[in-house]
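Asks: Let me begin by handing over the structure; questions about it come next.
The values are calculated or read from the model by the stated rules, or taken from the named source; none is laboratory data. As the structure is a computational prediction, the values presented were derived from the model and not from experiment. FYI the Cβ positions are ideal-geometry reconstructions off the backbone, even for glycines, and counts take in every protein chain you see. What goes into the accessible areas is simple: the full protein's heavy atoms, side chains included, and nothing from ligands, DNA or RNA. Shrake-Rupley method; radii C 1.70, N 1.55, O 1.52, S 1.80 Å.
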Amino acid sequence: FSKEQPELRNYSLEYAHSSDGTQWQRHIGLHQFINPPAEGDWDYQMQCYPHVCEVNGKTLMFYCGNWYGQGGIGLAERV
């Protein structure tokens, strides 16, 4: 893959749930960014490798942006 053809590796985040860690059910479109990335943003072409955690009663998600995080690391809060 190359930066000249970013469409070959456009990752985006989705939500899946499992009660046993083996069988997963995808929930396409259930969780979305309130302000989704716009063209030219640091995470417009890729959002990948998320980590969700609870901090002081808030659900937070850290994730990597374009080029597997080279564009930056993001923080989103569930509202």
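Asks: So which residues in region 39-69 are among the small types (Gly, Ala, Ser) and under 18 Å from Val79 (Cβ atoms), if there are any at all? Quick ask: steps written out before the conclusion?
Replies: Filtering region 39-69 down to residues among the small types (Gly, Ala, Ser) leaves 40, 57, 65, 69.
If the condition is that a residue be among the small types (Gly, Ala, Ser) and under 18 Å from Val79 (Cβ atoms), then Gly57 is the only one that fits.
Asks: Could you list all residues from region 1-43 that are hydrophobic (A, V, I, L, M, F, W, C), modelled with pLDDT under 85, exposed (fewer than 14 other Cβ atoms within 10 Å of the Cβ) and part of a loop (DSSP other than H, G, I, E, B)? If you could, list the steps in order and put the result at the bottom.
Replies: Within region 1-43, the first condition is being hydrophobic (A, V, I, L, M, F, W, C), and the residues that meet it are 1, 8, 13, 16, 24, 28, 30, 33-34, 38, 42.
Now narrow it down to the ones that are modelled with pLDDT under 85: 1, 8, 13, 28, 30, 33-34.
Now restrict to residues that are exposed (fewer than 14 other Cβ atoms within 10 Å of the Cβ): 1, 8, 28, 30, 33-34.
Listed by number, the residues that qualify are Phe1, Ile28, Leu30, Phe33, Ile34.
Asks: In this structure, does Gln70 turn out to be within 16 Å of Tyr11 (Cβ to Cβ), free of Cβ contacts under 8 Å to residues at least 12 places away in the same chain and open to solvent by 80 Å² or more (accessible area, probe 1.4 Å)?
Replies: So Gln70 fits the description; yes.
Asks: Mind listing whichever residues of region 46-67 are under 11 Å from the mean Cα position of the chain (by Cα) and not hydrophobic (A, V, I, L, M, F, W, C)?
Replies: Gln47, Tyr49, Pro50, His51, Tyr63, Gly65, Asn66
Asks: Name the residue, out of Met46, Met61, that is touching a strand residue (DSSP E or B) at 6+ places or on another chain (Cβ under 8 Å), in a strand (DSSP E or B) and open to solvent by less than 90 Å² (accessible area, probe 1.4 Å).
Replies: That would be Met61, the only listed residue that is touching a strand residue (DSSP E or B) at 6+ places or on another chain (Cβ under 8 Å), in a strand (DSSP E or B) and open to solvent by less than 90 Å² (accessible area, probe 1.4 Å).
Asks: How many residues does region 32-45 hold that are in contact (Cβ under 8 Å) with a residue 40 or more places away in the chain and under 11 Å from the mean Cα position of the chain (by Cα)? Show your work before the answer.
Replies: Start the filter on region 32-45 by keeping residues that are in contact (Cβ under 8 Å) with a residue 40 or more places away in the chain, which leaves 33-34.
Pick out the ones that are also under 11 Å from the mean Cα position of the chain (by Cα) and you get 33.
The total comes to 1.
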